[in-house]
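Reviewing the structure listed below.
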Amino acid sequence: MPDTVRPSLAGFFAGSNPMPPVHLGTRYDTSGNFLIEPGNTVVSHLVSGSPSEAVVLAVRDRMMAMPDADRLAFTPVSSLH
């Protein structure tokens, strides 16, 4: 993992952007809990134990290992589908 944040992502980190996240209070709360929000959701079946599930989980793990990932809200594995 890189030790620095790409400039294209820097605006999403609290250390580089003093403004609260755009969806704070509408999509999720200050604890990272998802809130009910009207909108479109695309759902695709994710087969347990499949190669596609393994890739989705690997990408999720890589994202969670990023610097400052503790400031992001990640969908629980049990909610992936």
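At-a-glance table
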read-out: Members of region 25-81 that are of a type in the set (A, V, I, L, M), within 19 Å of PHE13 (Cβ to Cβ) and assigned to a loop (DSSP other than H, G, I, E, B); value: ALA65, MET66, LEU72, ALA73
read-out: Matching entry among ALA58, ALA73 (being under 28 Å from THR4 (Cβ atoms), touching a Gly at 6+ places or on another chain (Cβ under 7 Å) and either at pLDDT 85 or above or surrounded by 12 or more Cβ atoms within 10 Å (Cβ to Cβ) (or both)); value: ALA73
read-out: Qualifying residue in region 6-13 (condition: surrounded by fewer than 11 Cβ atoms within 10 Å (Cβ to Cβ), in a helix (DSSP H, G or I) and modelled with pLDDT under 85); value: yes
read-out: Residues of region 18-44 satisfying the condition of being loosely packed, with under 10 Cβ neighbours inside 10 Å and either on the phi > 0 side of the Ramachandran plot or modelled with pLDDT under 80 (or both); value: PRO38, GLY39, ASN40, THR41, VAL42, VAL43, SER44
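Condition check ((1) polar (S, T, N, Q); (2) in contact (Cβ under 8 Å) with a residue 60 or more places away in the chain; (3) in contact with a helix residue (DSSP H, G or I) (Cβ under 8 Å, 6 or more places away or on another chain)) across all residues:
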residue	(1), (2), (3)
GLY11	no, no, no
PRO21	no, no, no
LEU24	no, no, no
TYR28	no, no, no
ASN33	yes, no, no
ILE36	no, no, no
VAL43	no, no, no
LEU46	no, no, yes
ARG62	no, yes, no
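The values are calculated or read from the model by the stated rules, or taken from the named source; none is laboratory data. Predicted model, so just to flag it, every value in this text is computed and none were measured. Every residue, glycine as well, gets a Cβ built from its backbone with ideal geometry; the counts of neighbours run over all protein chains shown.
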